[in-house]
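Undergrad: One structure is given below, represented as structure tokens, and several questions about it will come after.
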């Protein structure tokens with residue numbers, strides 16, 4: 001079985017963070033989102049992985065993943081170009097997949113329990129496809145599956161106005177090669193895209209059996225800033241932490257703190273886990289870093305109060321202020337204007353930014 005990770009989206013809902021980089025490389029607990037997908041596939045025994053890339057962020061993703069050897073997998077890159085839907089992205093991988101079954105995994109998803117059971121369920125049966133599902137409160141915003149008592153899928157609808165169930169497709173699938181013939185028969189949906197739900201419905205109409213697997217535990221689509229922060233919290237809750245950096249005497253550090261190599265917590269700083277602090281980062285005297293915070297590499301935090309936030313990296317926070325539920329992009333500098341006249345906020349704000357002052 002092969003793996004296929006879709007990484008061609010534009011990340012429009014994460015702007016301005018994604019103006020300068022792909023959403024799949026936004027870190028959660030100091031690990032890029034796409035790495036979670038790679039590790040889930042590898043842990044399920046799938047090491048031959050294709051990564052479907054669009055135009056934006058292609059080079060950044062290739063530089064991070066390389067040939068896959070750092071993650072004990074083998075990676076093949078597949079160029080989709082303009083994103084025309086999930087089914088279009090899958091169809092671009094036909095030559096890579098060949099006659100093998102494959103798992104298709106959206107590259108901005110994070111799943112607590114991994115995919116071992118999901119893959120095993122598909123392999124134990126005689127299915128043309130398998131879909132991972134989860135109960136949601138807003139089914140009209142998802143592809144929705146109707147499932148019988150045996151777990152076999154009977155109908156799929158993309159973003160229905162009147163959903164018949166609340167079981168949403170979460171963006172992880174297992175397919176036999178028959179899916180490619182179904183994709184070739186597709187017409188663009190009302191959104192102008194080739195929908196993977198329509199392709200699976202074609203398989204159903206052809207009399208093929210579709211397996212379903214209801215995901216237990218949490219799942220996050222990290223497409224929006226609040227999703228990144230929520231996923232960061234969920235991952236940190238389960239991360240034991242290891243202190244490979246330096247904690248100076250008289251620093252107040254409690255709870256699970258993942259302190260990377262060459263990171264430093266200075267005397268007089270307060271850190272309350274769960275927290276992840278990247279390599280080369282300094283948490284200076286007078287700083288408070290609260291629970292559910294990830295601070296990326298090569299940052300300097302001085303006199304700030306930071307809680308339930310993600311700071312991507314290469315940042316400098318010297319403002320004597322409180323930062324809560326914040327997503328701060330790479331290279332940001334946030335200082336204090338208290339000693340400047342005229343008094344007031346001084347901001348350089350990028351396109352599509354969100355601020356609450």
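The values are calculated or read from the model by the stated rules, or taken from the named source; none is laboratory data. What you are looking at is a predicted structure, and each value in this text was computed from that prediction instead of being measured. Backbone-built Cβ (ideal geometry, glycine too); neighbour counts: all protein chains shown.
Undergrad: Name the one entry in 181, 150 that is in a loop (DSSP other than H, G, I, E, B), at negative phi and in the same structural domain as residue 107 (by TED's automatic domain parsing).
TA: From the options 181, 150, the qualifying one is 150.
Undergrad: Out of contact with any strand residue (DSSP E or B) (no Cβ under 6 Å at 6 or more places or on another chain), closer than 30 Å to residue 30 by Cβ and at pLDDT below 85: which single residue out of 108, 150 fits that description?
TA: It is 108.
Undergrad: Of the conditions (1) within 30 Å of residue 61 (Cα to Cα); (2) out of contact with any strand residue (DSSP E or B) (no Cβ under 9 Å at 6 or more places or on another chain), residue 162 fails just one. Which one is it?
TA: (1)
Undergrad: Let me ask something else. Going residue by residue through the stretch 174-189, is there one that turns out to be touching a strand residue (DSSP E or B) at 6+ places or on another chain (Cβ under 9 Å) and farther than 21 Å from residue 97 by Cα?
TA: The answer is yes, given that some residue of the stretch 174-189 is touching a strand residue (DSSP E or B) at 6+ places or on another chain (Cβ under 9 Å) and farther than 21 Å from residue 97 by Cα.
Undergrad: For residue 213, all conditions in the list (1) in a helix (DSSP H, G or I); (2) touching a residue at least 40 places away in the same chain (Cβ under 8 Å); (3) touching a strand residue (DSSP E or B) at 6+ places or on another chain (Cβ under 8 Å) hold save one; what is the number of the exception?
TA: Here residue 213 clears every test but (1).
Undergrad: Wholly within the stretch 238-291, which strands (runs of 3 or more DSSP E) include no fewer than the required count, namely at least 2 residues that are in contact with a helix residue (DSSP H, G or I) (Cβ under 8 Å, 6 or more places away or on another chain)?
TA: The qualifying strands (runs of 3 or more DSSP E) are 275-277.
Results for (1) modelled with pLDDT under 85; (2) in the same structural domain as residue 98 (by TED's automatic domain parsing); (3) part of a strand (DSSP E or B), shown as yes or no for each residue.
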site: 127; (1), (2), (3): no, yes, no
site: 144; (1), (2), (3): no, yes, yes
site: 156; (1), (2), (3): yes, yes, yes
site: 164; (1), (2), (3): yes, yes, no
site: 171; (1), (2), (3): no, yes, yes
site: 201; (1), (2), (3): no, yes, no
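Undergrad: Return yes when residue 227 is assigned by TED's automatic domain parsing to the domain that holds residue 23, closer than 22 Å to residue 36 by Cβ and either modelled with pLDDT under 95 or part of a strand (DSSP E or B) (or both) and no when it is not.
TA: Taking the combined requirement at face value, the residue satisfies it.
Undergrad: Quick one: is residue 227 buried (at least 17 other Cβ atoms within 10 Å of the Cβ), out of contact with any helix residue (DSSP H, G or I) (no Cβ under 8 Å at 6 or more places or on another chain) and either closer than 28 Å to residue 107 by Cβ or touching a residue at least 60 places away in the same chain (Cβ under 8 Å) (or both)?
TA: The answer is yes for residue 227.
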